[in-house]
Amino acid sequence: MKMRFAIMTTIAVVGATFVAGCSGSPTPAPDLGATRPSPPATGKPLPYAGAPKVGHPLPESVLSAHPCDSALTAEQVSGILAQTPQGEHDDIDALGAQCHWTNIDAGAIVTVLYGTKTSDGLSAVYANTKPRSTMWQPLPPVHGLPAVAHSTYSAEGSKSFCQVSVGVTDRRTVDVSITLGQAKVGRTAPCAVDAQITGMVVANLKQKAGA
């Protein structure tokens, strides 16, 4: 049966509980460079590999600020993690700027990557990540932008982790990943929560663009 995820612009309090839980242990932040490898541009016409075209792209300038400063507001981080941790810069040279927000007590993590160092956008995700994925599900458009939820972890790992890649343009992506708090693993679908958080990130970028 195909999975179906709701896209929401705000996250309910119960959603925050799903992410953070009550207790847990520190969890290493996911390495999106490993979960979403992106080789140099192929020079092929975009899109390719079955990736959808971005029909209503945002200006690439919306990705000019670091995700720690622009992806989520402090209020949104607090609602998601039940804390307001400082965003941790953890940029990936081959992909772009990346930020982690972590509730250490619960073991919950939110990560946002602005894929500004590659030129093939979602096409690279479809070409390189899809064949390695243990879970792959195209999502309804996120505020008009094409998106896909995926994971390269084992079925057991996919109970706690999900990554959503959004095409901001045909060349640029935003990746949002979550790791559920230990107390919530197996009790909620991580991709459903990730889709909600991705909706917040895209709404913030659209607001920056005046769209």
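The values are calculated or read from the model by the stated rules, or taken from the named source; none is laboratory data. Please read all numbers here as calculations on a predicted model, not as lab measurements. Here Cβ is always computed from backbone atoms with ideal geometry, including for glycine, and neighbour counts include all displayed protein chains.
Is it the case that some residue within segment 160-167 is outside any helix (DSSP H, G or I) and more than 25 Å from Leu63 (Cα to Cα)?
Yes: one or more hits.
One residue is enough: does segment 93-110 have a residue meeting the conditions within 17 Å of Val164 (Cα to Cα), β-branched (Val, Ile, Thr) and surrounded by fewer than 23 Cβ atoms within 10 Å (Cβ to Cβ)?
no
Taking only segment 39-84 into account, find how many residues are assigned to a loop (DSSP other than H, G, I, E, B) and within 18 Å of the chain's Cα centre (by Cα).
Number of matching residues: 11.
Right, Thr198: assigned to a helix (DSSP H, G or I), more than 24 Å from Ser61 (Cβ to Cβ) and not acidic (Asp, Glu) or not?
Judged against the criteria, Thr198 is not a match.
Go through segment 163-190 residue by residue and tally those that are over 8 Å from the mean Cα position of the chain (by Cα), farther than 19 Å from Gln83 by Cβ and buried (at least 24 other Cβ atoms within 10 Å of the Cβ).
Of the residues in that region, 4 qualify.
Can you pull out the residues in segment 116-145 that are surrounded by 23 or more Cβ atoms within 10 Å (Cβ to Cβ) and part of a loop (DSSP other than H, G, I, E, B)?
Asp120
Output the number of the condition that Pro141 fails; it satisfies all remaining conditions of (1) out of contact with any Phe, Trp or Tyr (no Cβ under 9 Å at 6 or more places or on another chain); (2) over 22 Å from Gln196 (Cα atoms).
It fails just one condition, (2).
Across segment 85-104, what is the number of residues that are acidic (Asp, Glu), at pLDDT 95 or above and over 15 Å from the mean Cα position of the chain (by Cα)?
1
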